[in-house]
Amino acid sequence: MALTKEFYRALEDIVGPRNVSDDPAVTENYRCITAQSSAHSGPYETRTPKPQAVVLPGCTEEVQQIVKLCNKYKVGFKAATTFWAAMGYIGNDNSIQLDMIRMDQVEVDAKNMIATCEPFAIGATVQVEAMKNGLNCNIAGVGCSSSTLAGSAGWVGFGPSSISMGIASENLLGVEWVLPDGEIVRTGTLGSDGEWFCGEGPGPSPRAIFRGWTGTAGSMGVCTKIAIRLHPWPGPKWIPTRGAAPMYRADGLDMVRAYTVCFPTWDAYAEGFRLFYEADVCYLAHRQFNMFGRDIKTAMVEILTHPEKQFRDLPEVMEDPYIKAQNDEMKIDVQVVVAGLTERDLDYKEKAFDAILAQIGAHKSEYYLQPDIEDFVKLYLLRLARKNYNYTLCSSYEGNFGLSPNVFVAAPLMEEASALKREWEQTHTGVAAVGGDSDMGSASGIGGGGTTGWEFFVHFDGFDRDSITDSCAFIDRTQEWMIGKGLGADMGRWNADARKPDGYDYSQEEHDALYAGLPQPALAIYPWKIREAFNPNHLTGTYMKTMTPPEVKAAQKAKKTQKK
Amino acid sequence: MATKDSLVAMLGKANVIDDPKVLASYAESHSFDLHFAPWFVVKPKNAEQVEEIVKWANKTKTPLVPVSSTGVKLRGDSVPSVPEAVTVDLSGMKKILNVNRQQRMVVVEPGVTYDQLNAELAKKNMVIPGSLKPKKGQSVVTDVIEAVPRLNPMIQWNFFDPLRCVEVTWGDGTRMFTGEALAGPRDLKTQWSRQQWQVQYMGPWITDYYRLITQAQGSMGIVTWASLKAAVKPQVHQLYLAEADDLTELESFVYKAMWTRFPDEIFILNRAQAANIMGKDAGEIMQLKEVLPPWIVAVGVAGRELIPEVRFEARSKDLIDIAQTNGLDLKEGVANLSGRALYQEITKEDTGGTYWKDVYMGSHQNVFFLTQLEKTPVFLKAVREIAQDLGYPTEDIGVYIQPKHLGSSYHMEFTFPYDPNSAAAEARVLDLSEAVSVAAADLGGYFSRPYGKWAGIQLNKDAQSLMVLKKLQGIFDPNDVMNPGKLAV
């Protein structure tokens, strides 16, 4: 369904001819494989639909005009910036893609610890600006090369720093948003006084329709600017690094310590987390390097931090007795960064940290106490800049299991989940054999602790049909296991009800059928009503999960009967 | 009388009240806004009855006004703004449904009060993060849902902490849980058996349902339980105080302290408000005003279960140093006010006699809004000027400034005591509070909790947010049965 010339010309009028294209060489690049999008659909030739045009707006007013134009011509649209996964891409043929790359400003109000960010202010940029002012920002697990705004308004947004800095939803202050019908809403103080410091109210918070546990994944219009809460940073205004990639050394991080904690049991792990939450000692806490897999993680870190070693050396490094012994010691582990805002603060936190370890019988990994390795971990977790490592083993991965956010539920199940994966690794060839347990993720999915944000990395070859198919089958298997344990949706299936395996949007009838068995149907019925109120032309895809209310269905049925 | 019969059939005779004296007591409040006595007061015992009442109200188009606290009504939000309303009194729903030390979570019904909850939490060495000297009979759930500022903003990663999940019956009669609790069966016991403790408040999908009942004055639905995040009870604690002659002298210290996050509690009082808190009668308040410094910043430091003394000592020394660097002397007391005594007063419910802000003159009016710390002196100056113009004694104005949400915003509250037996005094304080409200709004004060006339002032500033709000009210309360007249422009 090609766009009319009139529509295309109108787009050109809004953003200028240089900032709109329907050239297939351009539009083809705005398609996404659906094999890594929390829907793990595959096979790899399945891609999201090709947009009719790609538009690069330069300001909020241009976005508003584009959205109004789309409503006039009933053309779908979706905005994205750093395009992490399928969530940012359109879901039907009669749509255009907004690429927000031209809107990239970030400003820091140091005194009030607030940053205002446009869509293409990526985590790294925001962090650099924040650090100049003794501040830092929560960088979501997606990494520092992704849009801060997208993590805050579009998706989940927790990461290593969330234990002390909260998650994206919690840090979100004022928001500027172009609604699906083209109206602009500015939340809280922004709407009334042009100030960014509070995004709630007046009265019941309108932001309730934009940001729940996830953001809207582009399904409620276009977020054009946000303010976020910043957090204290006790390090230098910038982090001087030296050495050769990828093994940089860091200078000036005297108030920051990085440790890997080795736990004797999963019970101790859960109890350790509880104490970390209560004692307020962690600046960052993430089970990071286990993403490579239990059997190979230490060897991988050894290679990544060695100037001459390559991945082909992996088998040899794994056989190194020291590496093997260290690896065995940290089967159950977590990386923690402790940061002192003063000398006394650091001293207290170190003592508290040691007291927790003593209480649960855990200890610090000797391997990770080596200065070079400690620097590597500090830089890795503080900046979260090494997302390429996620892809190192096989070119692609998908988050899997998810287990329970309650660490006391998830931890006792970890060995069973690991065994399930290990068995698959040994009996199939499509999923990388890394030792079963490849669980990783945030020690806290909520500010101050209380829930965890875990996933098992399923490493697969994103360019191999059999590998994708096999990893899909594995996730089907783990989903069965999850349901059997009463744990809900596997993370690899979170978005399975948002976009169909062919990359297209669901119909309302399909969504109605999917949600018919919800224990509390209001969960999907109210979003239907919200969509009808704010997105009457249904132009923004089906990540907004909706179910037709029974009274509307009955009316529709009666109307049909009447017609007959 | 069909209405009464219907209510009695739902709730039993004893729980449907139409005694005029009792009805009149539900209309008493400190608010000057137009209000009415309710038609009936009903006292449901559980969520099922609440749901039934809301469905009945939709059928009969009867306005409902929820109230969960007992005692003096301070803001008028739980007093009907329209005639022939039914007040739904939830103060009898006083069950503490669950206390979980491992998760530091508690689930409570709306009638649970601070003293009741803290007595229960103390058995497990916990405490609920509180607001400044809550009135006797204050519902914890209402206090939290209405975003009354907490004394400890450092554990507010989210604006509405410690609120987590709720059970709500929306204005359309739909009853549901919110947050993680909405993803499971609508049965707490089943969720607990699965070790789901209503910790995670968001969503659980895109829509953040619980945010729709916050700051709503009961205009969206009725909450029948809420889960709240408790804190570990301090083993060692000191509320340190520092004095200043001028509010601006406190700014750099408070900003720096907020950056460190070392304080537990942190807030600012002027001498009048400190005297109001501590004074047992008008005479004592006057005496205190003679000796207290013009401004006091209070900073709490705690040590809890893990190496409490080490934490306490480190935090105390650091904060004292930071204060010194910023020209303040942070110590255990100022003048004859000890930090410990102040802490004791502000962390427990009021006595149940005359409300503490009324002790000095017999009654009071409050004006409060959100702003940023650096702007507070501008508001202070404006308020003093207005008071002077109207002949109100500026030395009687109480000021309380409370950081919220890790210091993202600051609650600024002005208290104007007055003699309710003097028509002239009452008229003057009415003029004063209205003029201050308008001036504060003009200066950028944000009435995030828009009670009474503030609704018109605030909502008229932003047509788009109002449009969103109206659409949401149309979805969740299509027949406008929930506390109509509130949040009105």
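The values are calculated or read from the model by the stated rules, or taken from the named source; none is laboratory data. Everything quoted here is computed from the prediction, not taken from an experiment. As a convention, Cβ positions derive from the backbone with ideal geometry for all residues, glycine included, and neighbour counts pool all protein chains shown.
Of note:
- Candidates B:Glu167, B:Glu265, B:Glu251, B:Glu180 - the one that is among the charged types (D, E, K, R), within 11 Å of another protein chain (Cβ to nearest Cβ), surrounded by 23 or more Cβ atoms within 10 Å (Cβ to Cβ) and in contact (Cβ under 8 Å) with a residue 60 or more places away in the chain: B:Glu167
- Matching entry among B:Glu284, B:Glu313, B:Glu305 (being among the acidic types (Asp, Glu) and away from chain A (no Cβ under 14 Å)): B:Glu284
- Residues satisfying the stated conditions in segment A:85-96, i.e. under 22 Å from A:Val156 (Cβ atoms) and not hydroxyl-bearing (Ser, Thr, Tyr): A:Ala85, A:Ala86, A:Met87, A:Gly88, A:Ile90, A:Gly91
- Members of segment A:217-234 found to be over 15 Å from A:Val185 (Cβ atoms) and more than 9 Å from chain B (Cβ to nearest Cβ), listed by number: A:Gly218, A:Ile228, A:Leu230, A:Trp233, A:Pro234
- Within segment A:178-204, considering residues that are of a type in the set (Asp, Glu) and not in a helix (DSSP H, G or I), the one farthest from the other protein chains (Cβ to nearest Cβ): A:Asp181
- Residue within segment A:172-187 that is of a type in the set (Ser, Thr, Tyr) and at pLDDT 95 or above present: yes
- Residues that are surrounded by 24 or more Cβ atoms within 10 Å (Cβ to Cβ) number at least 1 in the following strands (runs of 3 or more DSSP E) confined to segment A:49-152: A:76-80, A:95-99, A:114-117.
Results for (1) surrounded by fewer than 24 Cβ atoms within 10 Å (Cβ to Cβ); (2) over 23 Å from the mean Cα position of the chain (by Cα); (3) modelled with pLDDT under 95, shown as yes or no for each residue.
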| site | (1), (2), (3) |
| --- | --- |
| A:Ile209 | no, no, yes |
| A:Gly215 | no, no, yes |
| A:Ile228 | no, no, no |
| A:Pro232 | yes, no, no |
| A:Phe273 | no, no, no |
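- Annotation: of all residues in segment B:390-411 being within 15 Å of the chain's Cα centre (by Cα) and among the aromatic types (Phe, Trp, Tyr), the one that is farthest from A:Asn112 (Cα to Cα) is B:Tyr400.
- So B:Pro129, is it touching a residue at least 60 places away in the same chain (Cβ under 8 Å), of a type outside the set (A, V, I, L, M), in contact with a strand residue (DSSP E or B) (Cβ under 6 Å, 6 or more places away or on another chain) and surrounded by 19 or more Cβ atoms within 10 Å (Cβ to Cβ): yes
- For A:Phe408: the one exception among (1) under 30 Å from A:Ala244 (Cα atoms); (2) modelled with pLDDT of 95 or more: (1)
- Within segment A:205-214, considering residues that are within 7 Å of chain B (Cβ to nearest Cβ) and not charged (D, E, K, R), the one farthest from A:Lys78 (Cα to Cα): A:Ser205
- Within segment A:508-540, the set of residues being away from every other protein chain (no Cβ under 14 Å) and part of a helix (DSSP H, G or I) comprises A:Gln508, A:Glu509, A:Glu510, A:Asp512, A:Ala513.
- Counting only strands (runs of 3 or more DSSP E) wholly contained in segment A:359-464, the ones carrying 1 or more residues that are surrounded by fewer than 22 Cβ atoms within 10 Å (Cβ to Cβ) occupy A:395-400, A:453-461.
- Of the helices (runs of 4 or more DSSP H) lying entirely inside segment B:1-82, those containing at least 3 residues that are within 23 Å of B:Pro478 (Cα to Cα) span B:2-11, B:47-60.
- Subset of segment B:168-194 [within 15 Å of A:Ala524 (Cβ to Cβ) and assigned to a loop (DSSP other than H, G, I, E, B)]: B:Thr174, B:Thr178, B:Ala183, B:Gly184, B:Arg186
- Of all residues in segment B:183-194, exactly one satisfies the criterion of being closer than 15 Å to A:Thr451 by Cβ and more than 9 Å from every other protein chain (Cβ to nearest Cβ), namely B:Gln191.
- Residues in segment B:475-486 that are more than 7 Å from chain A (Cβ to nearest Cβ), over 15 Å from B:Ala455 (Cα atoms) and either of a type in the set (Lys, Arg) or not in a loop (DSSP other than H, G, I, E, B) (or both): B:Phe476, B:Met482.
- Restricting B:Lys133, B:Lys94 to residues that are over 25 Å from B:Ser219 (Cβ atoms) and part of a loop (DSSP other than H, G, I, E, B) narrows the list to B:Lys133.
- Looking only at segment A:3-53, and only at residues there that are modelled with pLDDT under 95 and among the hydrophobic types (A, V, I, L, M, F, W, C), the one that is farthest from A:Thr540 (Cα to Cα): A:Ala35
- When residues of segment B:73-84 are limited to those that are closer than 20 Å to B:Asp19 by Cβ and in contact (Cβ under 8 Å) with a residue 60 or more places away in the chain, the one surrounded by the most Cβ atoms within 10 Å (Cβ to Cβ): B:Pro80
- In segment B:139-164, residue farthest from the other protein chains (Cβ to nearest Cβ) [restricted to those that are touching a helix residue (DSSP H, G or I) at 6+ places or on another chain (Cβ under 6 Å) and part of a loop (DSSP other than H, G, I, E, B)]: B:Gln156
- Of all residues in segment A:480-507, those that are under 29 Å from A:Val409 (Cβ atoms) and within 11 Å of another protein chain (Cβ to nearest Cβ) have Cβ atoms under 7 Å from Cβ atoms of residues that are assigned to a loop (DSSP other than H, G, I, E, B) and of a type in the set (Val, Ile, Thr), 6 or more apart or on another chain, in A:Ala498/A:Thr542.
- Pair list, Cβ under 8 Å, 6 or more apart: segment A:66-77 residue in contact (Cβ under 8 Å) with a residue 60 or more places away in the chain, other residue among the β-branched types (Val, Ile, Thr) and assigned to a helix (DSSP H, G or I): A:Leu69/A:Ile14; A:Phe77/A:Ile66; A:Phe77/A:Val67
- Unmet criterion (only one of (1) closer than 25 Å to B:Ile268 by Cα; (2) buried (at least 24 other Cβ atoms within 10 Å of the Cβ); (3) in contact with a Leu (Cβ under 9 Å, 6 or more places away or on another chain)) for B:Val148: (2)
- Among the residues making up segment B:438-450, those that are surrounded by fewer than 22 Cβ atoms within 10 Å (Cβ to Cβ) and more than 7 Å from chain A (Cβ to nearest Cβ) are B:Val438, B:Ala439, B:Ala441, B:Asp442, B:Leu443.
- B:Trp197 meets each of the listed conditions (1) at the interface with chain A (Cβ under 9 Å from one of its Cβ atoms); (2) in a strand (DSSP E or B) apart from (2).
- Which numbered condition B:Val429 misses (of (1) in contact with a Phe, Trp or Tyr (Cβ under 9 Å, 6 or more places away or on another chain); (2) farther than 28 Å from B:Gln215 by Cα; (3) among the aliphatic types (A, V, I, L, M)): (2)
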